[in-house]
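Step one of this worksheet: look at the structure below.
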Amino acid sequence: SQTIHQWPATLVQPVGSPLSLECTVEGTSNPNLYWYRQAAGRGLQLLFYSVGIGQISSEVPQNLSASRPQDRQFILSSKKLLLSDSGFYLCAWGRSTDTQYFGPGTRLTVL
Amino acid sequence: DQQVKQNSPSLSVQEGRISILNCDYTNSMFDYFLWYKKYPAEGPTFLISISSIKDKNEDGRFTVFLNKSAKHLSLHIVPSQPGDSAVYFCAASQISSGSARQLTFGSGTQLTVLP
């Protein structure tokens with residue numbers, strides 16, 4: 001069966017500091033990978049998706065970037081965090097079929 | 001521009017009764033619809049989905065209905081149980097690029113099932 005991992009689970013960072021969130025998927029190959037953010041009291045917003053190694057599509061222009069250095073690894077980064085980057089970050093995987101499966105999430109607080 | 005809307009932020013239902021969660025969409029390019037359940041500080045869990053070529057899909061206590069002409073879908077939970085208390089997200093899907101599917105989520109409805 002497939003599992004998806006995210007770390008860290010919780011992160012508190014000062015404004016202006018860098019960010020690196022990691023997501024890995026087990027039990028499948030060549031998945032589509034997605035990064036979402038849920039801001040407080042709001043729905044899930046798609047940030048990035050990837051259909052293969054090194055292929056990244058951005059949905060929302062912002063202070064964040066994503067990379068896919070390996071088939072089952074997806075990384076969300078920032079060079080300088082803003083207060084508005086606080087939120088709950090979710091990684092998901094899927095195939096050309098329609099269902100996406102989510103990881104446990106990372107709670108990021110920028111102070 | 002919210003393409004997927006869940007107009008009820010919260011819903012309370014008595015245990016054993018039916019819970020009906022509603023969702024409206026505006027983009028006619030959506031061809032697949034999903035419901036997710038989310039507990040605090042956890043990732044959403046997939047519940048049930050429906051293709052745009054169908055009008056009903058049932059899985060145990062969960063049934064999703066799709067009315068394409070009204071661009072409306074609903075999730076019915078019968079009978080409701082206290083463990084169903086969570087935030088429910090409606091999501092709509094369309095092909096993005098290559099094989100990627102882009103999900104657009106509603107803002108969620110907090111369901112509380114009272115014992």
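The values are calculated or read from the model by the stated rules, or taken from the named source; none is laboratory data. This structure is a prediction, so every number in the text was calculated from the model and none was measured. For neighbour counting, all protein chains shown are included, and Cβ atoms are generated from backbone atoms with ideal geometry for every residue, glycine included. Calculation scope for accessible area: heavy atoms of the full protein, side chains included, ligands and nucleic acids excluded. Shrake-Rupley method; radii C 1.70, N 1.55, O 1.52, S 1.80 Å.
Tabulate in residue order the Karplus-calculated ³J(HN,Hα) for region B:54-61, using 6.51 cos²θ - 1.76 cosθ + 1.60 with θ = phi - 60°, rounded to whole Hz; enter x for Gly and Pro.
Rounded to whole hertz, the list is 10, 10, 7, 9, 10, 8, x, 7.
Say R0 is 41 Å: what FRET efficiency, to the nearest 0.05, do A:Glu59 and B:Ile18 get from their beta-carbon distance?
So the FRET efficiency works out to roughly 0.70.
With every protein chain present, what accessible area does A:His5 have (1.4 Å probe, heavy atoms only), rounded to the nearest 10 Å²?
Surface accessible to solvent at A:His5 totals approximately 70 Å².
Ignoring everything but the protein chains, give the 1.4 Å probe accessible area of B:Lys56 in square angstrom, nearest 10.
The accessible area comes out at roughly 100 Å².
Please compute the length gained on full extension between B:Ser51 and B:Tyr39, using 0.36 nm multiplied by the number of residues separating them and subtracting their Cα-Cα distance.
Extra length available between B:Ser51 and B:Tyr39 comes to 1.8 nm.
Suppose all protein chains stay in the model; what accessible area per residue would a 1.4 Å probe give for region B:31-115, in Å²?
Result: 41 Å² of accessible area for each residue.
Taking only the C-alpha atoms, wrap a convex hull around region B:47-110 and report its volume per residue in Å³ as a whole number.
108 Å³
Would you mind calculating the relative contact order of chain A from Cα pairs under 8 angstrom and at least 6 residues apart, reporting the percent as a whole number?
Once divided by the residue count of chain A, the mean separation gives 36 percent.
If you wrap a convex hull around the Cα atoms of chain B, how much volume per residue is inside, in Å³?
On the way: hull volume 12.5 nm³, N = 115.
Taking the convex hull of the Cα positions in chain B, it is 109 Å³ per residue.
What number, in percent, do you get for the relative contact order of region B:43-115 if the mean sequence gap of Cα pairs under 8 Å and at least 6 apart is divided by its residue count?
Reported as a whole number, the value is 21 percent.
Can you work out the accessible area per residue across chain A, with the rest of the protein chains kept in place, probe 1.4 Å, in square angstrom?
46 Å²
Rounded to the nearest angstrom and ordered from largest down, what semi-axes does the equivalent ellipsoid of chain A get from its C-alpha gyration tensor (root of 5λ)?
23, 14, 13
Show me you know the interface measure: the accessible area buried between A and B, both chains summed, probe 1.4 Å, in Å² to the nearest 100.
Separately minus together, A and B give about 1700 Å² buried.
Taking the full set of protein chains and a 1.4 angstrom probe, give the accessible area of B:Glu42 in square angstrom, rounded to the nearest 10.
B:Glu42 exposes around 90 Å² with every protein chain in place.
Considering only protein heavy atoms and a probe of 1.4 Å, how much of the accessible area of region A:18-73 is carbon and sulfur, as a whole percent?
44 percent
Given points 7 Å out from each Cα along the Cα-Cβ axis, report the A:Thr109 to A:Ser77 separation in nanometres with one decimal.
2.7 nm
With θ set to phi - 60°, apply the Karplus curve 6.51 cos²θ - 1.76 cosθ + 1.60 along region B:17-34 and write out the HN-Hα couplings as whole Hz, x wherever there is a Gly or Pro.
Coupling constants for region B:17-34: 8, 8, 9, 10, 10, 10, 8, 10, 9, 10, 8, 6, 7, 5, 10, 8, 10, 9 Hz.
Around A:Tyr49, with a cut-off of 9 angstrom between Cβ atoms, what is the net charge of the other residues, counting Lys and Arg +1 and Asp and Glu -1?
For residues surrounding A:Tyr49, the net value is 0.
Show me, for region B:82-93, the HN-Hα J-couplings you get by feeding each phi into the Karplus relation (A = 6.51, B = -1.76, C = 1.60, θ = phi - 60°), rounded to Hz, glycine and proline as x.
Values, residue by residue: x, x, 7, 5, 4, 8, 10, 10, 8, 9, 10, 10 Hz.
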